[in-house]
1. Among 295, 299, 282, 287, which is the only one that is under 21 Å from residue 322 (Cβ atoms), loosely packed, with under 12 Cβ neighbours inside 10 Å and of a type outside the set (Val, Ile, Thr)?
2. Identify all residues within the range 22-61 that are closer than 20 Å to residue 87 by Cβ and assigned to a strand (DSSP E or B); write none if there are none.
3. Working only within the range 97-124, note down all residues that are in a loop (DSSP other than H, G, I, E, B) and at pLDDT 75 or above.
4. So which of 191, 209 ends up being in contact (Cβ under 8 Å) with a residue 12 or more places away in the chain, more than 18 Å from residue 79 (Cβ to Cβ) and of a type outside the set (Gly, Ala, Ser)?
5. Quick test for you: out of 337, 344, pick the one residue that is crowded, with 17+ Cβ neighbours inside 10 Å and part of a helix (DSSP H, G or I).
6. Scan the range 149-162 and give yes if some residue there is in contact (Cβ under 8 Å) with a residue 24 or more places away in the chain, surrounded by fewer than 15 Cβ atoms within 10 Å (Cβ to Cβ) and polar (S, T, N, Q), otherwise no.
7. Looking at the range 68-75, can you tell me whether even one residue there is within 14 Å of residue 33 (Cβ to Cβ) and either modelled with pLDDT under 90 or β-branched (Val, Ile, Thr) (or both)?
Amino acid sequence: MSGQAKDVLVFAKESAKPREAEVDRPWLVLVVDDEPDVIAVTRTALKGSTFEKRPIVILSAGSAAAGRQVLEQYPDIAVVLLDVVMETDDAGLRLAVAIREDMQRQAVRIVLRTGQPGFATEREVIVRYDINDYRLKTDLTAQTLFTTVIAALRGFNEIMGRLRAEERAVIANRAKTEFLANINHELRTPLNAIIGLAELMDNEVFGALPNETYRGFVRDIILSGKALNETLSAILDVANIEVTNLKLMPERLDATTLLQRVIKPMAPQAVTAGVSISAEVLGNLPLIWGDGRRLRQMLLNLVSNAIKFNRKGGEVVLHAEAAGEGRLVLTVKDTGIGMSASDIEVALTPFGQVDGSLTRRRDGSGLGLPLARMIADLHGGHLEISSIPGQGTAVRILLPTAHPATVSPA
């Protein structure tokens, strides 16, 4: 048997092999120390101990090199009681670094124990090394050792609980994405067929409709189908952003052109509602980096809301100006019904519908503002709302002029 193999002590009667039931699965605690007496005392002090109804099993190694072998053999070790001075004066410290950096074992709790504190002072070790506790061997009575190990196990258990929750969330998000992809296909295919067939009937491609009533029905089908299509798109966009599945395709954009591409398609809706719509551009604006399609979608949602929640004879203004510090401000202002602070909070919640007789008479999915804020955040920007009930609302979007990939979301 090689000298290195002799350093690894694993007792068969304390097998580390997990059992079927979670309650019986042991906690693995590794003692790495070149003094056999220290290992023996530790084993005696923790003999028969349990935590959360699970037994504590002691693994041991007589050197840092042997300790690394045990760690590689048992990936579910929860706590390492690690001597500082072994083969070399800093062997334990080097192993602590290897555990975090080479093995990427961030959850395992590392408790450094030393009988020669002069080689590594507590202040220096705590600051320089990613460890969880530092103890002098002379201070570790049986009770103190038990308390230290239980505290370390509790910390490990909490971290693993969070990691398991994150893993479940990732799996759930993946399932959500797959569901959205399927529902997108299953809903859009028949919906597009309905819209397409209704448009053929409206254009009387295969013959005239018998009367004006039927023509009205067909136009209602087209309008309803397109409205449902837009709502479906908004739902899918919000869901995709929430699972970080929506990717930007940034390009250099001119703000003035962007505003014009929003006003033109919204003009018919404004005319129908009896609301005027215009754009104001102050000064020479810098080009911005952004996904033109998504920014236009954001502004279209905001303008649609501004028209929808306005009064006949009201006004909607799109405003753009440079804000300094490499930022551009786009503002959508209206003279509509306005909102209170509590209404704003509801309106920014996906599917949130602000109460009140005026707002309830307007159709909407409650996704316009949440989607606009998400798009602004994806661009490293920020959306803020100021509103006065009965007087109107202003939605400001602060966008960086730098490439979105170089900007952290606000």
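1. Working: 295 fails: loosely packed, with under 12 Cβ neighbours inside 10 Å; 299 fails: loosely packed, with under 12 Cβ neighbours inside 10 Å; 287 fails: loosely packed, with under 12 Cβ neighbours inside 10 Å.
That would be 282, the only listed residue that is under 21 Å from residue 322 (Cβ atoms), loosely packed, with under 12 Cβ neighbours inside 10 Å and of a type outside the set (Val, Ile, Thr).
2. Selection gives 30, 31, 32, 59, 60, 61.
3. Residues of the range 97-124 that are in a loop (DSSP other than H, G, I, E, B), as a first pass: 103-108, 115-116, 120-121.
The answer is 103, 104, 105, 106, 107, 108, 115.
4. Numbers: 209 fails: in contact (Cβ under 8 Å) with a residue 12 or more places away in the chain.
Every option except 191 fails the conditions.
5. Details: 337 fails: part of a helix (DSSP H, G or I).
Just a single option satisfies the conditions, and that option is 344.
6. no
7. Within the range 68-75, one or more residues are within 14 Å of residue 33 (Cβ to Cβ) and either modelled with pLDDT under 90 or β-branched (Val, Ile, Thr) (or both).
The values are calculated or read from the model by the stated rules, or taken from the named source; none is laboratory data. Because the structure is predicted, anything quoted here is derived from the model rather than measured. Cβ atoms come from the backbone with ideal geometry, glycine included; neighbour counts cover every protein chain shown.
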